[in-house]
Amino acid sequence: MRISGSTRIKPDASKPSPIDSRAALSRCWFAVYTTCRHEKKVVQHFTQRDIEHFLPLYRVNRKWKDGSRVTLQLPLFPGYVFVRICKSQRSSVLSVPGTLALVDGVGGVPAPVPECAIEALRGGMAERVLEPHPLLMVGQTARICSGAFAGMEGIVIHKGNGLRVVLTLTQIMQSIAVEVNEADLEPLDAAGRVLPQFTDSPAATSAA
């Protein structure tokens with residue numbers, strides 16, 4: 001399964017004014033919680049309202065009961081769309097049909113999603129096979145050493161003949177599995193120190 005992305009980026013002027021530049025710096029990425037299976041409809045409304053957004057999608061082949069096959073594009077994080085907005089745009093986002101809330105952090109304040117995480121997702125979609133994965137918090141940890149996800153840490157699992165690293169976006173507590181080669185990984189101990197080799201074979205932890 002490979003993924004693609006649905007994005008809407010408002011073009012920048014060739015020579016932005018200082019005011020425009022300051023406004024751009026004040027904008028942050030947030031996760032918007034949506035009605036189930038309404039992510040694409042929400043994105044259509046964001047496009048119409050010129051709200052910058054990002055909906056990561058992955059491709060999956062399905063077989064219907066009549067034997068026909070179809071390739072679907074589904075949200076990588078079901079129930080969530082990312083938006084890049086300033087504080088004054090929050091009400092505009094929540095007025096869109098199908099949006100439920102901005103994901104909160106400590107104290108009920110909307111929790112920004114690091115821009116590096118969004119950029120890693122965008123870059124990773126072109127490099128690797130990604131797919132949703134159940135939240136996974138226990139297992140052999142490793143750091144990815146190359147590509148868009150370089151420096152990110154997750155839990156290693158075995159799927160088929162290959163390896164995956166399960167990465168979790170803590171702001172929404174949703175995980176994805178990233179296909180990797182063992183040479184792309186640095187095994188880590190419980191304290192985050194690099195190990196000379198995996199303490200257990202990555203194959204010991206299998207994907208469901």
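What the table shows:
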read-out: Selection within the range 51-78 - surrounded by 10 or more Cβ atoms within 10 Å (Cβ to Cβ) and of a type in the set (D, E, K, R); value: GLU52, ARG59, ARG62
read-out: Residue count for the range 34-50, restricted to those that are outside any helix (DSSP H, G or I) and either in contact with a Leu (Cβ under 8 Å, 6 or more places away or on another chain) or surrounded by 14 or more Cβ atoms within 10 Å (Cβ to Cβ) (or both); value: 4
read-out: Candidates THR71, THR34 - the one that is under 30 Å from ARG164 (Cβ atoms), in contact with a Gly (Cβ under 6 Å, 6 or more places away or on another chain) and of a type in the set (Val, Ile, Thr); value: THR34
read-out: Residue in the range 153-186 that is surrounded by the fewest Cβ atoms within 10 Å (Cβ to Cβ), counting only those that are part of a strand (DSSP E or B) and small (Gly, Ala, Ser); value: GLY162
read-out: GLY154 being more than 26 Å from PHE46 (Cβ to Cβ) and in the same structural domain as TYR33 (by TED's automatic domain parsing); value: no
read-out: Residue check for PRO114: surrounded by fewer than 16 Cβ atoms within 10 Å (Cβ to Cβ) and in contact (Cβ under 8 Å) with a residue 24 or more places away in the chain; value: yes
read-out: Qualifying positions in the range 83-109 - farther than 21 Å from HIS38 by Cα, in contact with a helix residue (DSSP H, G or I) (Cβ under 8 Å, 6 or more places away or on another chain) and outside any helix (DSSP H, G or I); value: CYS86
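Here is a yes/no grid of residues against (1) part of a loop (DSSP other than H, G, I, E, B); (2) free of Cβ contacts under 8 Å to residues at least 40 places away in the same chain:
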residue	(1), (2)
GLU119	no, yes
MET125	no, no
PRO132	no, no
ARG143	no, no
GLY147	yes, yes
GLY151	yes, yes
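The values are calculated or read from the model by the stated rules, or taken from the named source; none is laboratory data. Since the structure is predicted, the reported quantities are computational estimates derived from the model, not experimental observations. For neighbour counting, all protein chains shown are included, and Cβ atoms are generated from backbone atoms with ideal geometry for every residue, glycine included.
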